[in-house]
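The values are calculated or read from the model by the stated rules, or taken from the named source; none is laboratory data. These figures come from a predicted structure and were not determined experimentally. Counting neighbours? That spans all protein chains shown, and the Cβs are built from the backbone with ideal geometry, glycine included. Ligands, DNA and RNA are excluded from the accessible area calculation, which covers all protein heavy atoms including side chains. Shrake-Rupley method; radii C 1.70, N 1.55, O 1.52, S 1.80 Å.
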Amino acid sequence: MLEHLGSFERTHYCGEISEKDVGKEVRVAGWVDTTRDHGGVVFTDLRDRTGKVQIVFSPEISEELVEKAKKLRHEFVIAVKGEVRRRPPGTENPKLKTGEFEIYARELQILNRSLPLPFPVEDEVKVSEEVRLKYRFLDLRRPKMAQNIIFRHRMYQVVREVFNREGFIEIETPYLTKSTPEGARDFLVPSRIYPGKFYALPQSPQLFKQILMVSGFDKYYQIARCFRDEDLRADRQPEFTQIDFEMSFVRERDVMEVAEKVLRALYRELLGIEIGEIPVISYDEAMERFGTDRPDTRFGLELKNITDIAQKCNFKVFRSVAEKGGIVKAINFEGGAELSRKEIDELTKFVGIYGAKGLAWIKVLPEGKLQSPIVKFFTEEEINEILRRLNAKPGDILFFVADKPDVVNAALSNLRLRLGKMAGLIDEGKVNVLWVVDFPMFEWNEEEERWEALHHPFTSPREEDVDKLLEAPGEVRARAYDMVLNGVEIGGGSIRIHREDVQEKVFKVIGLSDEEAKERFGFLLEALKYGAPPHGGMAFGLDRLCAIMRGEESIRDVIAFPKTQRGQCLLTGAPDTVRKEQLEELHIEVKEGEEEA
RNA sequence: GGGGACGUAGUUCAGUUCUGGUUAGAACGCCGGCCUGUCACGCCGGAGGUCGCGGGUUCGAGUCCCGUCGUCCCCGCCA
């Protein structure tokens, strides 16, 4: 039954049949989307990656041909030779790009069959992700998914165009490299030649690109795969792609300008959107106003600090928090006074996820009266100052969280997002980009009782802070910058340390002994001794950016073959056990009872 | 490591708790037949189920209990 391609040569893609082809003989090939058998005439929608076109099999051409066409089923692979005709008046299909035309088939080759499908190949498919991932080859035939993947391809091209035009050199860095402590868990690759030794897959090309600067390449870029063995989320995969670049003899602004060029080109050329001036705000300001270093500034509902009032008030919950170094912040959910007790309870539960022990509230009723479980603890002056500071009007509800700063900020920044969504305050059409700068260099890790690099330990401190590195690490500011798009961190970078003495100091602050530093990063320290130029760079998260630009919720929908939340590839079944001989060659023994069936 | 939602034909779901009871339904898809302008074609007929898996309670379990596996969302984690 199946036929060979023979001398068939495709002349057109399905989705590209147009006015100029009318009357011409064309040859198309693809997958059978649907067939409609009318007894006499048979209609088939033929699909390839460009779209669909209707094929007509008519008994007026050949009874035999129609009989053959009746055998077509979903996703059969066929090649068709026929004449493009304008459809008879009244039978045009406005839903199809090619809906004014159709191909009158003269020849039909059935090249392959398909089993009945586990799910229909169409955009509005309501099927579990589990099934989609198992049959990813079918999922990727769905026009929306195919377009996502093609869009991603076009992103690579635009990115390369910009960097090439700006004089950057594309260089590949190794995937088999050295494990580095600090940061995420590494994926390890055992060495066959060196028993007991391991390569690590890179968490980023960071160290290699810095070394390339020392080598004098001056401007480097790469669309690089990165690997991190951490738990997954909707926006996190164990392997992901970065648009990575690095430049020598630059300051923050130079790097940021290149990044802006890349982002602007992507939006202009792929979506026809011009991105305007990109504002810059400090980390401190972002934390104060939004409670996060990646604020979504498409809407208001900003946080207000009332710790000073809390310190003096008679509400013990607030006051004791303030006295212990905690803070109290509040948010005015305008027009929210109609929230029910149940809804408030739900929001209380919601902030609990982020560690908040409670959610205090004050309703300003339409007639101006206050309703709240906590007003009785405050003087009239204090209440008036709170209302003034939050710009509260009748009909509003104020929410308060008191706790350690990170808990308050996490709880309220997430509450802000939730309320913004709930009230429909977020304009999904907006493209809101901003820079966050002036990050602290270090963060105190309470569990490990040591300072940690907030960005990474190769980030340069500000010149004027270098002297404070050892005495007051908490006050040191980093020369780092993050790019935030609609509340998503899409990229980040920094001016790096190019002096060995400064790099050693930073290692010391984060508790890395000289020996350890040498052991793990000796090659970097060594390189810094041989004429390392001042340099800096940045990396964009390509998957996230692609997902945002395509309006997808999950980066899995812009990755051809993603992993599940437990890190499995449902298509191939990875990870999987390997043969005993393979393990032996690698000098690896799996502990008894820890093997999965 | 923790919290939550879900798991029943190929697929999406109903049935599941309060209230366990003979033969587990629907839609789409699939198979067969009819139909010359459909495009979510239409009409007639048919097949298709280890109710995720294991154990328990019971005269009797899709339904109740315990465990386990899987998918998704979140917290921790992700320099």
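Each residue, A:Glu107 and A:Leu140, gets one label point 7 Å from its Cα in the Cβ direction; the gap between the two is 3.0 nm. Histogrammed with a bin width of 10 Å, the alpha carbon distances of chain A distribute as 3, 13, 19, 20, 19, 14, 9, 4, 1, 0 percent, first bin at zero. Specify the inter-centroid distance of the range A:429-490 and the range A:239-284, based on alpha-carbon positions, in whole Å. So the separation of the two Cα centres works out to 18 Å. Taking the 1.4 Å solvent-accessible surface of the range A:153-256 as the whole, the part contributed by carbon and sulfur is 50%.
Peptides A:157-168, A:576-587 ranked from most to least packed by the mean count of surrounding Cβ atoms within 10 Å: A:157-168, A:576-587. At the residue level, A:Thr307 shows approximately 20 square angstrom of accessible surface with a 1.4 angstrom probe and all protein chains present. Please report the spacing between the Cα centers of the range A:346-379 and the range A:166-236 in Å, no decimals. Here the answer is 48 Å between Cα centres. Using a probe of 1.4 Å on the protein chains alone, the accessible area found for A:Met483 is around 0 Å². With R₀ fixed at 45 Å, the C-beta to C-beta distance from A:Glu170 to A:Glu338 puts the FRET efficiency at about 0.20. Counted over the range A:75-147 with a bin width of 5 Å, the fraction of Cα pairs per bin, in whole percents, is 3, 13, 17, 15, 18, 19, 10, 5, 1.
Here the Karplus relation 6.51 cos²θ - 1.76 cosθ + 1.60, evaluated at θ = phi - 60°, turns the backbone of the range A:491-497 into coupling constants of x, x, x, 6, 7, 8, 7 Hz, with x for every Gly and Pro. More than 21 angstrom separation, counting every C-alpha pair in the range A:197-320; what % is that? So the pairs more than 21 Å apart make up 66 percent of the total in the range A:197-320.
Which residues does the label zone of A:Thr564 cover in the range A:121-142, counting backbone N under 16 Å from a point 7 Å along Cα→Cβ? Those under the cut-off are A:127-137. What is the range A:438-597 by shape, rounded, prolate or oblate, if you read a ≥ b ≥ c off the alpha carbon gyration tensor as root eigenvalues and call it rounded for a/c under 1.5, prolate for a/b larger than b/c, and oblate otherwise? It comes out oblate by the Cα gyration axes.
Computed with a 1.4 Å probe on the full set of protein chains, the accessible area for A:Trp31 sits at about 90 Å². Database remark: amide H of A:Arg142 closer than 5 angstrom to no amide H (H placed geometrically; neighbours at sequence offset of 5 or more, or on other chains; Pro and chain starts carry no H).
Whenever you get a sec, line up A:Asp48, A:Asp254 from highest to lowest accessible area (probe 1.4 Å, protein heavy atoms).
The residues order as A:Asp254, A:Asp48, largest area first.
Taking every C-alpha pair closer than 8 Å and separated by at least 6 residues, the mean separation divided by the residue count of the range A:468-573 gives a relative contact order of 23 percent.
Taken per residue, the accessible surface of chain A reaches 52 Å², heavy atoms only and a 1.4 Å probe.
As an exercise, use a Förster radius of 30 Å and the Cβ-Cβ distance of A:Glu471 and A:Asp308 to find the FRET efficiency, rounded to the nearest 0.05.
On the way: r = 29 Å, r/R0 = 0.97.
Here the calculated transfer efficiency is 0.55.
Taking the DSSP beta bridges in chain A as the whole, what percent of them are antiparallel, to the nearest 5? Numbers along the way, then the final one.
Details: 91 of 98 bridges.
Taking every DSSP beta bridge within chain A, about 95 percent pair in antiparallel fashion.
Taking 0.36 nm per residue of separation and subtracting the current Cα-Cα distance, fully stretching the chain between A:Lys24 and A:Val280 would add 86.4 nm. What the pair-distance distribution of the range A:1-75 shows, using all Cα-Cα distances binned every 5 Å from zero, is 3, 15, 22, 25, 24, 9, 1 percent. Seen through its C-alpha gyration tensor, with square-root eigenvalues sorted a ≥ b ≥ c, the range A:126-193 comes out oblate because a/c lies at 1.5 or above while a/b is not bigger than b/c.
Starting from the Cα gyration tensor of the range A:288-401, take the square roots of the eigenvalues, sort them a ≥ b ≥ c, and report rounded, prolate or oblate (rounded when a/c is under 1.5, otherwise prolate if a/b is larger than b/c, else oblate). Can you show the working numbers first?
Working: a/c = 1.28, a/b = 1.01, b/c = 1.27.
Rounded shape, in that the Cα axes give a/c under 1.5.
Can you send over the carbon and sulfur percentage of the accessible area for the range A:365-494, probe radius 1.4 Å, protein chains only?
Of all accessible area on the range A:365-494, carbon and sulfur atoms account for 47 percent.
Full extension of the chain between A:Glu260 and A:Tyr156 gives 35.9 nm of extra length, using 0.36 nm per residue less the Cα-Cα distance. Here the range A:90-238 is described by how far its Cα atoms reach on the three principal axes: 69, 41, 31 Å, from widest to narrowest. The lysines whose alpha-carbon is closer than 25 Å to the alpha-carbon of A:Lys369, local same-chain residues fewer than 8 away aside, are A:Lys304, A:Lys312, A:Lys316, A:Lys329, A:Lys342, A:Lys393. On the beta carbon distance between A:Lys316 and A:Lys126, with R0 = 56 Å, the FRET formula returns roughly 0.60. In this structure the amide hydrogen of A:Ala200, modeled in the peptide plane, comes within under 5 Å of the amide hydrogens of A:Thr177, A:Lys178, A:Ser179, A:Val189, none closer than 5 places in sequence on its chain.
Largest to smallest in accessible area, the residues A:Lys329, A:Lys312 fall in the order A:Lys312, A:Lys329 (1.4 Å probe, all protein chains included).
Accessible area per residue (1.4 Å probe, heavy atoms of protein chains only) ranks A:Thr98, A:Thr35, A:Thr572 as A:Thr572, A:Thr35, A:Thr98, with the largest value leading. In sequence order, the range A:560-565 has phi-based couplings of 4, 10, x, 9, 6, 5 Hz under the Karplus curve 6.51 cos²θ - 1.76 cosθ + 1.60, θ = phi - 60°, and Gly or Pro positions carry x.
Our analysis of the range A:323-372 gives Rg over Rh at 1.01, with the two radii drawn from alpha carbon positions and Rh computed by the Kirkwood formula. With the helix formula -39500 (n - 2.57) applied to DSSP H stretches of n ≥ 4, chain A reaches a computed 222 nm mean residue ellipticity of -8500 deg cm²/dmol.
Summarise the long-distance tail of P(r) for the range A:338-483 by giving the % of C-alpha pairs beyond 23 Å. Write out the running numbers ahead of the final one.
Working: 5899 of 10585 pairs.
In whole percent, the long-distance tail amounts to 56.
When both the range A:96-111 and the range A:529-597 are represented by their alpha-carbon centers, they are found 42 Å apart. Measuring nothing but protein heavy atoms, the accessible surface of the range A:1-128 at 1.4 Å probe radius is 50 percent carbon and sulfur.
Between A:Ala184 and A:Ser7, full extension at 0.36 nm per residue minus the direct alpha carbon distance yields a gain of 58.3 nm.
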